Structure formats: structure tokens, C-alpha cells
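The values are calculated or read from the model by the stated rules, or taken from the named source; none is laboratory data. Bear in mind the structure is a predicted one, so any value in this text is a computation, not a measurement. Ideal geometry is used to build each Cβ from the backbone, glycine not excepted, and the neighbour counts take in all protein chains shown.
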Amino acid sequence: MHATIRRYEAIDQSRTSELIQKAETTLLPRLSELPGFNGYYLIEAGNGVFSSVGLFDTAAHAEESTRVASTWVRDEKFDKALPNPPKITGGKVVVHKTRELVAV
């Protein structure tokens, strides 16, 4: 599994509600349709900072998610709301654990 973390800084805080809503309704569907998709999380850190974590099967799948996210920013006209390019960290997930749900 591979992860991509994107950190967006200096976000126009008057548009955070719009950004969150559009991420859920237009970005998440695009990402979830990508091959190798395993999960996506958007984190509001406060003070104009958002981070996202995407989980994919391969490095190529994770890299494609960055292209999709970049295209999404342009398509949704968030260029001014997200004035700085994200700081991107990506790599192979080497330790992980998830809680398994047990049906009752």
C-alpha cells in the first residue's frame, strides 16, 4: 500500500465550508474511482491549513491521485482559495493496522 499526504497552507478561510463540501461531492468520487483506491481523508488543521491522506495499492496509483487533485483544484476554480501548491509526501506504507468490524 502507498500513501500520499498533501498539505495545503494559507487557504482562504472564508471558503473552507465550500472546499469541504466540494471535496466530498466532486473530488472524493473522482478519487474513489481510481484503480487501487483504498481510502481518502481530508483533515482541517485550522489556521488556513488542510491536509489530505490518500491510500492506494501502488506508487503509480498514488501519483495519479495527485494529478486528479490538481485538476480538481483548477476545475472547481479553487486556484485563489488554495494559493500555494501543496507540500506532497508520498511513499510505501510500511506499518499499519486497522480495526476490523465484526458483524453482530
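Details
- Residue in segment 87-99 that is surrounded by 11 or more Cβ atoms within 10 Å (Cβ to Cβ) and touching a Ser or Thr at 6+ places or on another chain (Cβ under 7 Å) present: yes
- Pick from segment 5-43, criterion among the aliphatic types (A, V, I, L, M) and in a strand (DSSP E or B), ranking: farthest from the chain's Cα centre (by Cα): 43
- Hits in segment 48-74 - residues which are within 16 Å of residue 18 (Cα to Cα) and more than 10 Å from the chain's Cα centre (by Cα): 48, 49, 72, 73, 74
- Considering 65, 70, the condition of being in a helix (DSSP H, G or I), of a type in the set (Ser, Thr, Tyr) and in contact with a helix residue (DSSP H, G or I) (Cβ under 7 Å, 6 or more places away or on another chain) is satisfied by 65 alone.
- Hits in segment 70-92 (condition: among the aliphatic types (A, V, I, L, M) and either more than 20 Å from residue 28 (Cβ to Cβ) or at pLDDT below 95 (or both)): 73, 81, 82
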